[in-house]
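Undergrad: Structure provided below as structure tokens; questions to follow.
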Amino acid sequence: MVTGEPVLALRGVSKRFGAVQALTDVEMEVHAGEVVALVGDNGAGKSTLVKSIAGVHQPDDGDIEWGGRAVTIHRPQDAQHLGIATVYQDLALCDNLDVVGNLFLGREIRHFGVVLDEVAMERRSRELLDTLSIRIPSVRIPIASLSGGQRQVVAIARALIGSPKVVMLDEPTAALGVEQTAQVLDLVERLRDQGLGVILISHNMADVMAVADTVVVLRLGRNNGVFDKSSTNQEQIISAITGATDNAVTRRQARGTEGPQ
Ligand SMILES: Nc1ncnc2c1ncn2[C@@H]1O[C@H](COP(=O)(O)OP(=O)(O)OP(=O)(O)O)[C@@H](O)[C@H]1O
Ligand SMILES: [Mg+2]
């Protein structure tokens, strides 16, 4: 298990949508250089958790801590300014633009604030993809002509332009084949090696076991176990996901303030 101060922490986060209690008292920590897999059945609250951190939803209760301090994330821009980047499942890339155009969409580099500086953007794009060892035929190729895996790595690269400290990936391998999945998992490992904290949502246990350091299980909107990957196995995690084992930890227990029963 990665130790030290977490860069990002959730303390007792709850979120309700009308009659649906999507999250109840959820705890999670992410450290620099750690891959945290967030797993759970459909409707367990994974995307709601990510969107609460990303500023899409506001938690009803609990705290989000950044570098040990409680922060309020009202809008997605607030999360970006803190250094939290999110790649959603529907990648939101523009098919008709090339790789450079997608990487810099909405934050184009301009000459004198007007004319697009295509040369600078192309150079930055190459540098970024090189640092991540991402290989695509050309940065001037339209997104529409890339494979699913290549599109996914471009979407992740796009999230890295603002130099975030934490990257959240919601099901980045869901639509990918074996080789493309390997490419994305490779990239996740490089992000960790560069000291980023990564939150990876995945239904695929093989992916989780391949790259996660820590596995956080949600069940029906509550924590049902935090596992150190190196000392756990797939069966234990699946049992926690399905509810065959009850690893629910209350907030007070998590903080070590609850006495013996
Ligand atoms: N915007 C919303 N309005 C109302 N209910 C919502 C909203 N978003 C999520 N929910 C509900 O909250 C619960 C948790 O949903 P969430 O999408 O977080 O689950 P998930 O773990 O991401 O599931 P999946 O694996 O299917 O993506 C579900 O019952 C869902 O119907
Ligand atoms: Mg989801």
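Undergrad: Could you please find all residues in region 81-101 being more than 30 Å from ALA9 (Cβ to Cβ), of a type in the set (Asp, Glu) and in a loop (DSSP other than H, G, I, E, B)?
TA: Answer for region 81-101, where residues must be more than 30 Å from ALA9 (Cβ to Cβ), of a type in the set (Asp, Glu) and in a loop (DSSP other than H, G, I, E, B): just ASP95.
Undergrad: Has region 24-37 got at least one residue that is over 24 Å from LEU187 (Cβ atoms) and more than 16 Å from ligand 1 (Cβ to nearest atom)?
TA: yes
Undergrad: Quick check: anything in region 153-170 in a loop (DSSP other than H, G, I, E, B) and under 23 Å from PRO137 (Cα atoms)?
TA: Yes, region 153-170 has at least one match.
Undergrad: Return a yes/no flag: does region 52-64 have any residue that is closer than 23 Å to MET205 by Cβ, within 16 Å of ligand 2 (Cβ to nearest atom) and surrounded by 16 or more Cβ atoms within 10 Å (Cβ to Cβ).
TA: So far as region 52-64 goes, no, none of its residues is closer than 23 Å to MET205 by Cβ, within 16 Å of ligand 2 (Cβ to nearest atom) and surrounded by 16 or more Cβ atoms within 10 Å (Cβ to Cβ).
Undergrad: If you don't mind, there's one more thing I want to ask. If you go through region 55-77 one residue at a time, how many are within 15 Å of ligand 1 (Cβ to nearest atom), under 16 Å from GLU27 (Cα atoms) and aliphatic (A, V, I, L, M)?
TA: The qualifying residues number 0.
Undergrad: With the structure loaded, tell me whether ALA9 is without any contact (Cβ under 8 Å) to a residue 60 or more places away in the chain, part of a strand (DSSP E or B) and under 17 Å from MET168 (Cβ atoms) or whether it fails that test.
TA: yes
Undergrad: Pairs needed: first member in region 61-90, without any contact (Cβ under 8 Å) to a residue 60 or more places away in the chain; second member anywhere, assigned to a helix (DSSP H, G or I) and of a type in the set (Asp, Glu); C-beta distance under 9 Å; at least 6 residues apart or different chains.
TA: Close Cβ pairs satisfying both conditions: VAL71/ASP78; THR72/ASP78.
Rule-based calculations on the coordinates, nothing more; no lab input. Everything numeric in this text was worked out from a predicted model, so none of it was measured. Using ideal geometry, Cβ is built from the backbone for each residue, glycine included, and neighbour counts are taken over all protein chains shown.
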